[in-house]
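Enquirer: Sharing a structure, written as structure tokens. Questions coming.
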Number of protein chains: 2
Amino acid sequence: MGFRRKLKESIEQNNSLLCVGLDPDVERLPAGMTIAEFNHAIIEATKDLVCAYKPNLAFYEAEGLAGLKALEETLSFVPSNIPVIGDAKRGDIGNTARMYARSMFDVFGFDAVTLNPFLGLDSIEPFMVYSKKGLFLLCRTSNPGAKDFQDLEVDGQPLYEHVAFKALEWNVHANIGLVVGATYVQELARIRQLCPDMPFLIPGVGSQGGDLPQVVKRGTDKSGSNAIINSSRAILYASGGPDFAEAARQAAMNARDGINQYRRTSKRSG
Amino acid sequence: MGFRRKLKESIEQNNSLLCVGLDPDVERLPAGMTIAEFNHAIIEATKDLVCAYKPNLAFYEAEGLAGLKALEETLSFVPSNIPVIGDAKRGDIGNTARMYARSMFDVFGFDAVTLNPFLGLDSIEPFMVYSKKGLFLLCRTSNPGAKDFQDLEVDGQPLYEHVAFKALEWNVHANIGLVVGATYVQELARIRQLCPDMPFLIPGVGSQGGDLPQVVKRGTDKSGSNAIINSSRAILYASGGPDFAEAARQAAMNARDGINQYRRTSKRSG
């Protein structure tokens, strides 16, 4: 099953646009827990509440080989009907991008990845040909530094809009989506206008403080779906104590229900 | 010793601006050889001819945990006086970039890294604070897709020049350099003009076909140094047979001498 369909089904089954970012910071894990144990508990506590999981590879690479082993284990804990997005923001020249695609799709087996588009088409093509996988191109990110380059004006339009146009042009396999931060709602609304049917991966609610009602209204498509709203720290570290899993479940439930409250059709989604 | 000084000394000691890209494609290795064995032989054959080595992480990640183990082994084979650049082109929001910096500098122990600047300052800052390490920001890359975004005109100047300006502005620890492809000599000349003292990492000679005399003339600083000219495939796969190491040595020697021939001062470099 392709990523788009798998995502649609998980959105419907769990009635959720919530994605939990599996970003285990070893300095914040409950005492004595390994990354894999922590992730296992988080997944068990939230698997009926999410449409996707999104491990960011940086948090695993920071622990070296042991961290990447923990990532492999983590992937085995995710129920097979929930898509997993490998958030690695890779981007390299064509010959090298082939290797990254092999790593993300064939070695780790992610259903989708995030990609940095700065190197242009030949850095994306080796991923595009995996037509059943999803590719989320960074368009307008949620961080303060996004303004340094992404907002620069080119022919009267900010650079991130040019990324959106290229994403539309390159979407011949219908497997491209965009990463658009929740912290800039105007930009989110504009990009949704340009790309009405693309899946959006929207980080920046929770710890980063995006305005949820506006994010849901502006970021979803006209059926109130097709947006993956990610929260990491606010769910993983809802409690730092032994009740972290229960607290994560409660935070995820609140996030899911909070999102659904603002969707155009909160029940018959997808 | 900081990266800049280590690089200066390796350039002088080996009278070389050549960097060998350690990008082992398992489909092209001599029969029966592991990645680590192959890299070991390449390093032994070229270590007196280079100013740096540059493993691209994609080629290791493509082999999963075994590949990353081979990368660790490879790093242990490099003589301690030769700087190693981790070519990973990472770029993520501040909180996550800290983790990538930890991975590249503390876990793997690279002397320098390549970074994708598309996410702006907070994606670079966690690396900048490692003041003894080198950071090479992608500025104008060597691939065809570079034109898709990097060449777009902002306020009368291409985007890559804005990256160069930001690199100058952010260079408070004097540890920032730029990646500028060898395949676009005009752009290379212009960026050198803007950043006369920055170290440049220049891929794209060899297989990608950059014009060597022009690259050396335009890419080095006014003393004919401060440029790291990378070749990967043309050296690693100079021969596919059992004589690959000897062929790599010969190709590296030709490349080094070819470069030196066009340097402003080919002897007293650095």
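Enquirer: Over 24 Å between C-alpha atoms is what I'm after, so list which of A:LYS8/B:LYS147; A:LYS89/B:LYS54; A:LYS217/B:LYS166 land there. The partial results should precede the final answer.
Expert: On the way: A:LYS8/B:LYS147 35 Å; A:LYS89/B:LYS54 20 Å; A:LYS217/B:LYS166 35 Å.
Check vs 24 Å cut-off fails for A:LYS8/B:LYS147; A:LYS217/B:LYS166.
Enquirer: Which whole-Hz couplings ³J(HN,Hα) result when phi for each residue of region B:211-226 is put into the Karplus expression 6.51 cos²θ - 1.76 cosθ + 1.60, θ = phi - 60°, listed in order with x for Gly and Pro?
Expert: 7, 4, x, 5, 4, 5, 5, 8, x, 7, 8, 6, 8, x, 9, 6
Enquirer: Now for a different question. When Cβ neighbours within 10 Å are restricted to other protein chains, what is their mean count per residue of peptide B:82-90?
Expert: Working: counts 0, 0, 0, 0, 0, 2, 4, 11, 8.
Per residue, the number of nearby Cβ atoms from other chains is 3 on average.
Enquirer: Mind sorting A:ASP23, A:ASP197, B:ASP221 by how few other Cβ atoms lie within 10 Å of their own Cβ, fewest first? All intermediate terms of the calculation are to be shown ahead of the outcome.
Expert: Details: A:ASP23 23, A:ASP197 12, B:ASP221 16.
By the 10 Å Cβ count, ascending, the order reads A:ASP197, B:ASP221, A:ASP23.
Enquirer: Okay, moving on. Given springs between every Cα pair under 10 Å in a Gaussian network model of chain B, which of B:LEU194, B:LEU71, B:LEU137 has the largest fluctuation?
Expert: It is B:LEU194.
Enquirer: Near B:LYS222, which aspartates and glutamates are there with a Cα under 13 Å away, not counting those fewer than 8 places off in the same chain?
Expert: Of all the aspartates and glutamates, those that pass the test against B:LYS222 - Cα under 13 Å, at least 8 places apart if same chain - are B:ASP197.
Enquirer: Tabulate in residue order the Karplus-calculated ³J(HN,Hα) for region A:160-173, using 6.51 cos²θ - 1.76 cosθ + 1.60 with θ = phi - 60°, rounded to whole Hz; enter x for Gly and Pro.
Expert: Each residue of region A:160-173 in turn: 4, 5, 5, 5, 4, 4, 5, 4, 5, 5, 7, 7, 5, 9 Hz.
Enquirer: May I ask for the percentage of alpha-carbon pairs in chain A that lie more than 24 Å from each other?
Expert: 45
Enquirer: Check which residues have an amide H placed less than 5 Å from A:PHE136's amide H, if you skip close sequence neighbours.
Expert: A:VAL113, A:THR114, A:LEU115, A:GLY177
Enquirer: At a Förster distance of 51 Å, what's the computed FRET efficiency of A:ARG233 paired with B:GLN250, Cβ-Cβ distance as r, to 0.05? Walk me through the intermediate numbers first.
Expert: Details: r = 53 Å, r/R0 = 1.05.
For A:ARG233 and B:GLN250, the calculated efficiency is 0.45.
Enquirer: With θ taken as phi - 60° and the coefficients 6.51, -1.76 and 1.60, list the Karplus ³J(HN,Hα) couplings across region B:42-59 in order, rounded to whole Hz; mark glycine and proline as x.
Expert: 5, 5, 4, 7, 10, 5, 9, 10, 10, 9, 6, 10, 9, x, 8, 4, 4, 5
Enquirer: May I ask what percent, to the nearest 5, of DSSP beta bridges between residues of region A:3-262 are antiparallel? Please list the in-between numbers first.
Expert: Details: 2 of 28 bridges.
In region A:3-262, DSSP labels about 5 percent of beta bridges as antiparallel.
Enquirer: In deg cm²/dmol, rounded to 500, what helix-only [θ] at 222 nm does chain A give when every DSSP H run of at least 4 residues adds -39500 (n - 2.57) and the total is split over its residues?
Expert: On the way: 12 runs with 115 residues, N = 270.
So the helix-based figure for chain A works out to -12500 deg cm²/dmol.
Enquirer: A follow-up question, please. Among A:GLY219, A:ASN230, A:ASN260, whose Cα sits farthest toward the positive end of the charge dipole of region A:155-270 (+1 at Cβ of Lys/Arg, -1 at Cβ of Asp/Glu, about the Cα centre)?
Expert: A:ASN260
Enquirer: Taking a label point 7 Å out from Cα toward Cβ, give me the nm distances from B:LYS222 to the same spot in the other copies, shortest first, one decimal.
Expert: The answer, with the shortest distance listed first, is 6.2 nm.
Enquirer: Which one, A:GLN13, A:ALA52, A:GLN157, is farthest towards the positive end of the dipole of region A:3-262 when Lys and Arg carry +1 and Asp and Glu -1 on their Cβ?
Expert: So the residue furthest toward the plus end is A:GLN13.
Enquirer: With a 10 Å cut-off between alpha carbons and a GNM built on chain B, which of B:LEU168, B:LEU119, B:LEU138 moves the most?
Expert: B:LEU119
Enquirer: How well do other chains shield peptide A:117-130, expressed as the mean number of their Cβ atoms within 10 Å of each residue Cβ? Kindly include the intermediate steps, with their values, before the conclusion.
Expert: Values: counts 5, 16, 13, 10, 7, 6, 7, 2, 1, 0, 0, 0, 0, 0.
Per residue, the number of nearby Cβ atoms from other chains is 5 on average.
Enquirer: What residues qualify as long-range amide H neighbours of B:ASN230, i.e. H under 5 Å apart, gap of 5 or more or another chain, H built at 1.01 Å from N?
Expert: Amide H to amide H, under 5 Å and 5 or more residues apart or across chains, B:ASN230 pairs with B:CYS19, B:ILE202, B:GLY204, B:VAL205.
Enquirer: Still on this structure, I have one more. Using a label point 7 angstrom from Cα along Cα-to-C-beta, what distances in nm, from shortest up, separate A:GLU37 from the other copies?
Expert: Spacings between copies for this position, smallest first, are 4.0 nm.
Enquirer: Considering every residue in B:237-249, what mean count of other chain Cβ atoms within 10 Å of its Cβ is obtained? Don't skip to the answer; put the middle values down first.
Expert: Details: counts 0, 0, 0, 0, 0, 0, 0, 0, 0, 0, 0, 0, 0.
The per-residue average across the peptide is 0.
Enquirer: Still on this structure, I have one more. Only four residue types carry charge here, +1 at the Cβ of Lys and Arg and -1 at the Cβ of Asp and Glu. Report the dipole size of the protein assembly as shown about the Cα centre in Debye, rounded to the nearest 20.
Expert: On the way: 58 positive and 62 negative charges, 148 e Å.
The dipole magnitude comes to about 700 debye.
Enquirer: Hey, for B:GLY240 with labels 7 Å out along Cα-Cβ, what do the inter-copy distances come to in nm, ordered shortest first?
Expert: 5.7
The numbers here are math on the coordinates, done by the rules we state, and not lab data. A quick note: this is a predicted structure, and the numbers were derived from the prediction, not measured. Positions of Cβ are backbone-derived with ideal geometry, glycine not excepted, and every protein chain shown enters the neighbour counts.
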